[in-house]
1. Return only the number of the condition from (1) in contact with a Gly (Cβ under 9 Å, 6 or more places away or on another chain); (2) open to solvent by 70 Å² or more (accessible area, probe 1.4 Å); (3) in a helix (DSSP H, G or I) that TYR44 does not satisfy.
2. Does region 755-766 contain any residue that is modelled with pLDDT under 80, on the phi > 0 side of the Ramachandran plot and of a type in the set (Gly, Ala, Ser)?
3. Among the listed residues ARG332, ARG328, which satisfies the condition of being at pLDDT 90 or above and more than 25 Å from ALA695 (Cβ to Cβ)?
4. Kindly provide the set of residues from region 7-26 that are in contact (Cβ under 8 Å) with a residue 60 or more places away in the chain and crowded, with 18+ Cβ neighbours inside 10 Å, ordered by number.
5. Scan region 118-159 for residues that are under 30 Å from ARG478 (Cβ atoms), open to solvent by less than 10 Å² (accessible area, probe 1.4 Å) and not in a loop (DSSP other than H, G, I, E, B) and jot them down.
6. All but one of (1) out of contact with any helix residue (DSSP H, G or I) (no Cβ under 6 Å at 6 or more places or on another chain); (2) on the phi < 0 side of the Ramachandran plot hold for GLY79; which doesn't?
7. When you scan region 648-663, do you find a residue that is touching a residue at least 60 places away in the same chain (Cβ under 8 Å), farther than 30 Å from ILE519 by Cβ and of a type outside the set (Gly, Ala, Ser), even just one?
Amino acid sequence: MEHCSHCGESCKDETIYLEEMPFCCNGCKTVYELLHENDLSYYYELEKTPGVSPREFEHKFDFLDNEAIAEKLLEFRDGHTSVVSFLIPSIHCSSCIWVLENLNKLQPAVLASQVNFPEKTIRITFNSEKYSLKNLVKLLGRIGYEPYISLEDSKKKKRYIDRSLIYKLGVAGFAFGNIMFLSFPEYFEVSEFWLDRFKPMFRWLMFTFSVPVVFYSAQDYFISAVKGLRSKILNIDVPIALGIIVLFIRSTMEIVFDWGTGFFDSLTGLVFFLLVGKFFQQKTYSYLSFERDYKSYFPIAVTRLKKNSSEEIEEEQVEVYDVKQGDRILVRNNELLPVDAILIKGNALIDYSFVTGESELVTRKSGDKLFAGGKQQAGVLEVEVLKPVEQSYLTQLWSNEVFDADRQSPFQSFTDSISKRFTIAILTIAFVATLFWLLYDPYKAFNVFTAVLIVACPCAIALSAPFTLGNLLRIFGRMKFYVKEASVIEKMASIDTVVFDKTGTLTSGNGSSMTYEGIALTQEEEEILTSTLRASNHPLSRSLYEMLDVHNIKTLDAFEEHAGEGMTASVDNQLIKIGSYNFVSEGSGLDDRPFESIDKTAVHISSNNLYKGCYIFQNEYRDGMNEVMDQLSEDKELIVLSGDNDGDRERLSRLIPEGTKMYFNQKPEDKLRFIDSLQGKGKKVMMVGDGLNDAGALQQSEIGVAIAENVNVFTPACDGILDASMFGSMVDFFRLSKSGIRIIKWSFVLSLVYNVVGLGFAVTGHLAPVVAAILMPLSSISIVVFTTIATRFYGDRFLKK
């Protein structure tokens, strides 16, 4: 079988040739011609078959004729010049970037175009007087780069980038470097006339540099410490804030009373290293969204029917938010219904898999109720709106308090768990040592008290988790598991229950497997079958056609499709019927099904009113699922929570560990309540899902992970996005998170060794500025080196595997 010269797909239906080059469809051939005619043939030299087959989108972008909607999509408009940004999920290689950034060769009205490859977006500047936004979108679609426009785009928020940490780090680094430079003569006690004369000025310069570090760069530690104390919690920021205050007060007193140079170098170095750790941990995947809701999935506009002055019905494109109860709207083939409605006209064949998890297509007739989130799969529907989009059954899920609450769960990090004991121990040592020196040598008491608090400041301890988790976060990202923040990795180590959705999570989104049960078809019957399937647009017909070996396509004498039931076709007086059992068996004299296909997705076939058999579709489970589930079950409770029916229960039970609990026909709110009930029993839950029906459960659980075939397309709000190709590595991610906790514990031991050495100098009253200047940075640097090497070691083992 030949492969398309544009997109690389196999030419199943037909092969179209141009200059002896094969193409799978006229769309690919047209794009090839278009690029060559406009001197863009270099597109095919950058990558082999880089294209994407363009899809039919008649009427899909008619809503852009509405100026009000188009205006909301524009980022900027001034006279003739407009700027717009689009998400284009099909961007995947250097050829895509090259052709999109040369759009002006295809259309001169395009003034400039710039691709952001990680975010899969394009920003286009164009002359809106010469070329409309609708035409621009159609141009992108014609060359295979159809923009993804959703309801979320109607209320675009300018992305706010918080750079405050960078500014604070810059101030601390600048002050630290200059203070170290000014402190060198003091370290080596250089006696020189000019140095001695300017020594007071140097000390006050060091004081000046340290003020913004304490009151600006370190302010977050003071705020966190105060909040912790108000909540009666001794978090790690309490001893850090205490150490910074003591360092600043002690150093200021030394230069005011001319006792010495103070510890300004240690102070600014402490804050600098702490901020470096925080910055390192703040790795983000800005091109991914972890906070999506239904607005990212729903269309921005619909086609509404209204009567004109002549009482004739006409169509108008309106924004979804403008649709009200009682309005009548059109839902075309492969369009999504954004509101709850009553079916008025048309044959409804609805796919609710993404919002309920039910994999079966649902047939509805006039007068039946349709729910928001379903996608029509067969022709045009006319429906009457029951509720506006904000009040639909699906969107009511987002009114649950779990989506409104600040997701600060009662999870306590390992660092915070030991900070209470650490703080109490340090304060005890400080007071005992001070009491001893008050009795033995009162002159040293104050110095000893402050020295203990200075040298025991848990800088190294505070750096352990940020650098360890920050390194692991980057390793996870390289293996296509993108977590929202580094703390998610620490939470993973404590998970004891993993709940899986079935459809789209355990099952693959790339298709189904198929078996045939019945009397073998003759070659002629197979030829008529494939010819009939080719003429149908029904999803099951298309799936079956793609799975079957393509036989000689015959020209049908007659073809008739019965929505929701099946179809009939004839060639040379041979009649074939394809569809549901009731439809196919009518007239065949059969009362009961001769083959086991109850509660299974099946396509039945009869030839000349003789029932032949059925093709049974089965879910294709992900590669490695058995191994993943078996290994996870060793130390975790596993649960399958599905919105689908239980037709696959028996088969699934053979693939997963014995004793795994399975629950089917679960609505979105049922899943959320189920997770909540597990947490009520003290379980630490990780939910793994993929669709809107999992959104509540993902939000409620300690960790919500969304499985995605394409991480740039819709995923529900979650804590992490796992590329579907890496599902088989889930066990390794759990192991890496536990290795991270072990590294943090060992780095704590290492930092305690430094604290013991430093306390030896402090309690004896021998902590000189030069000792503090060496010991404190050395402890911080050694922790950074240790955590980096250790995480690299575990990460390399994982990557090699």
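The values are calculated or read from the model by the stated rules, or taken from the named source; none is laboratory data. None of these values were measured; they are calculated from a predicted model. Ideal geometry is used to build each Cβ from the backbone, glycine not excepted, and the neighbour counts take in all protein chains shown. Note: accessible area is taken over every heavy atom of the protein model, side chains too, but ligands, DNA and RNA are not part of it. Shrake-Rupley method; radii C 1.70, N 1.55, O 1.52, S 1.80 Å.
1. Tallying (1) in contact with a Gly (Cβ under 9 Å, 6 or more places away or on another chain); (2) open to solvent by 70 Å² or more (accessible area, probe 1.4 Å); (3) in a helix (DSSP H, G or I), TYR44 fails exactly one: (2).
2. Yes, some residue in region 755-766 is modelled with pLDDT under 80, on the phi > 0 side of the Ramachandran plot and of a type in the set (Gly, Ala, Ser).
3. Every option except ARG328 fails the conditions.
4. Answer for region 7-26, where residues must be in contact (Cβ under 8 Å) with a residue 60 or more places away in the chain and crowded, with 18+ Cβ neighbours inside 10 Å: just CYS7.
5. ILE122
6. Exception for GLY79: condition (2).
7. no
Listed here are the residues, each with its yes/no results for (1) at pLDDT below 85; (2) open to solvent by 20 Å² or more (accessible area, probe 1.4 Å); (3) at positive phi.
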| position | (1), (2), (3) |
| --- | --- |
| GLY262 | yes, no, yes |
| SER286 | yes, yes, no |
| LYS306 | no, yes, no |
| LEU337 | no, no, no |
